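S.K.: Attaching a single structure in structure tokens format; questions to follow.
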Amino acid sequence: MNCYIHHEKSAVGICKSCGRGLCQDCVVEVGEGISCAGPCEEKVRIINRMVEGNARVLSTSNQSMRTAALFILILGIAFLIFGAWQYSIESDFLATFLMVFGLVFLGYGVVRLRKSAQYPVADSTDSKS
Ligand SMILES: [Zn+2]
Ligand SMILES: [Zn+2]
């Protein structure tokens, strides 16, 4: 492939935005990637920013998903303890109700936590522990 401006020169790279061949003189380095000089420069910058933003959003939503799962898990344990305590006083409907709910929450929390563990978290504090 040759440069789209200088047809006699061979391309050293391809613009990330328009996909045209670029020679050494036409190539513009824009962060992660190259573009041709002109409007493509700004476009590639926007593309890079979008990719960066998406990665950040993904890791944050995963983080909050994990927090929510942990919260449900703790809620389940609290319900179980409360149910067991109620059961020791009186084995009535409330005690059964609380314990069943506790188990459901516990199971749901474990499933959610396992699901969130499948995705890597781009968090420095998380990976160090
Ligand atoms: Zn271009
Ligand atoms: Zn050129």
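S.K.: I need every pair where a residue in the range 68-85 that is touching a residue at least 40 places away in the same chain (Cβ under 8 Å) has its Cβ under 6 Å from the Cβ of a residue that is of a type in the set (Phe, Trp, Tyr) and surrounded by fewer than 18 Cβ atoms within 10 Å (Cβ to Cβ), sequence separation at least 6 or different chains.
M.R.: Qualifying pairs under 6 Å: 72/108.
S.K.: Kindly indicate whether any position in the range 34-43 is in a helix (DSSP H, G or I), of a type outside the set (D, E, K, R), without any contact (Cβ under 8 Å) to a residue 12 or more places away in the chain and surrounded by 13 or more Cβ atoms within 10 Å (Cβ to Cβ).
M.R.: Checked the range 34-43: no residue is in a helix (DSSP H, G or I), of a type outside the set (D, E, K, R), without any contact (Cβ under 8 Å) to a residue 12 or more places away in the chain and surrounded by 13 or more Cβ atoms within 10 Å (Cβ to Cβ).
S.K.: Quick one: is residue 79 within 30 Å of residue 104 (Cβ to Cβ), at pLDDT 90 or above and either within 16 Å of ligand 2 (Cβ to nearest atom) or more than 26 Å from the chain's Cα centre (by Cα) (or both)?
M.R.: Yes.
S.K.: Is it the case that residue 12 is within 16 Å of ligand 2 (Cβ to nearest atom) and in contact with an Asp or Glu (Cβ under 8 Å, 6 or more places away or on another chain)?
M.R.: no
S.K.: Yes or no: residue 66 of a type outside the set (Ser, Thr, Tyr), farther than 30 Å from residue 2 by Cα, within 14 Å of the chain's Cα centre (by Cα) and surrounded by 16 or more Cβ atoms within 10 Å (Cβ to Cβ)?
M.R.: yes
S.K.: Something else now. Please determine, by comparing only the residues of the range 16-37 that are under 15 Å from residue 6 (Cβ atoms), of a type outside the set (A, V, I, L, M, F, W, C) and out of contact with any Gly (no Cβ under 8 Å at 6 or more places or on another chain), which one is nearest to ligand 2 (Cβ to nearest atom).
M.R.: Out of the qualifying residues, it is 25.
S.K.: Still on this structure: May I ask you to verify whether residue 54 is more than 12 Å from ligand 1 (Cβ to nearest atom), within 31 Å of the chain's Cα centre (by Cα), surrounded by 13 or more Cβ atoms within 10 Å (Cβ to Cβ) and assigned to a helix (DSSP H, G or I)?
M.R.: no
S.K.: Within the range 106-126, identify whether any single residue is surrounded by 14 or more Cβ atoms within 10 Å (Cβ to Cβ), modelled with pLDDT of 85 or more and more than 22 Å from the chain's Cα centre (by Cα), and answer yes or no.
M.R.: The answer is yes; a qualifying residue exists.
The values are calculated or read from the model by the stated rules, or taken from the named source; none is laboratory data. All figures in this text were calculated on a predicted structure; none of them were measured in a lab. No Cβ is skipped: glycine too gets one built from the backbone with ideal geometry, and neighbour counts run over all protein chains shown.
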